[in-house]
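Below: the structure, in structure tokens.
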Amino acid sequence: VRATPALIAIVLALAACGRAPGPAQATAEAGTPASKPRHGTAAVTIAGDDSIAAMLTWAPPVVEVDDGNLAAQRRKAARALGNGHLYEDADAAIPIDLAILRLHADDAQAQDNLRRAVSKLLAKGDAALAKADEDFDALRDAHRVAAVARVAAPGTNRVEAYLARVDVADQAWDSNRQAEIDLAAGRFGVQGGGALGGFREALRLRPG
């Protein structure tokens with residue numbers, strides 16, 4: 001296939017910008033408007049795909065806890081945590097711990113179990129984010145984790161940091177998607193914007 005002048009130009013331009021920014025550069029850019037997380041306290045935004053918006057709201061399954069079954073529910077939550085059963089239904093660790101804490105806010109065992117469950121949850125979320133650039137299902141999983149984390153540990157530093165990472169992944173996905181559309185339409189952006197601008201923005205947000 002014969003290369004057109006426009007295609008040659010964009011290939012050369014992409015080669016010129018192919019080096020991803022290093023950690024220092026990425027840190028310096030973190031305060032720019034394009035990269036600043038777009039959510040406030042314990043919130044997640046969706047960049048361009050409303051089909052996963054429903055995943056941003058999670059209501060804990062109803063768990064019946066009273067003083068008569070409190071000890072049994074504590075044991076059940078601990079077993080669920082050990083099995084990695086974190087939030088999916090009323091037998092999962094996080095819903096049980098939240099129910100216990102609604103009854104007894106100072107329950108030390110439930111507090112500790114919940115902290116460990118949230119840590120496991122966020123680890124799953126980070127694993128999903130690591131694949132989110134090329135796997136939309138992984139991005140969905142990351143959003144599902146975000147929705148649960150917002151309820152399980154609202155306003156905590158580790159959850160806020162995770163929500164910020166999800167937001168950056170959203171922005172990078174959106175930039176990539178628009179750049180692919182521009183590329184297919186011949187809007188290469190050699191003079192600015194277009195496909196080249198979109199790919200550059202995605203690389204800035206998610207180096208590598």
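No lab work stands behind these numbers, since they all come straight from the coordinates. Nothing here was measured: the structure is a model prediction, and the numbers come from that model. Neighbour counts run over all protein chains shown; Cβ positions are idealised from the backbone, glycine included.
Structure notes:
- A straight line joining the Cα centroids of segment 72-91 and segment 132-208 runs 32 Å.
- Kirkwood hydrodynamic radius computed over segment 108-204 comes to 14.7 Å, based on all pairs of distinct alpha carbons.
- Radius 11 Å from Cβ of Y87, net charge of other residues (Lys, Arg +1; Asp, Glu -1): -1
- Charged-residue dipole, Cβ positions (Lys, Arg, Asp, Glu), segment 49-184 about Cα centre, Debye nearest 20: 660
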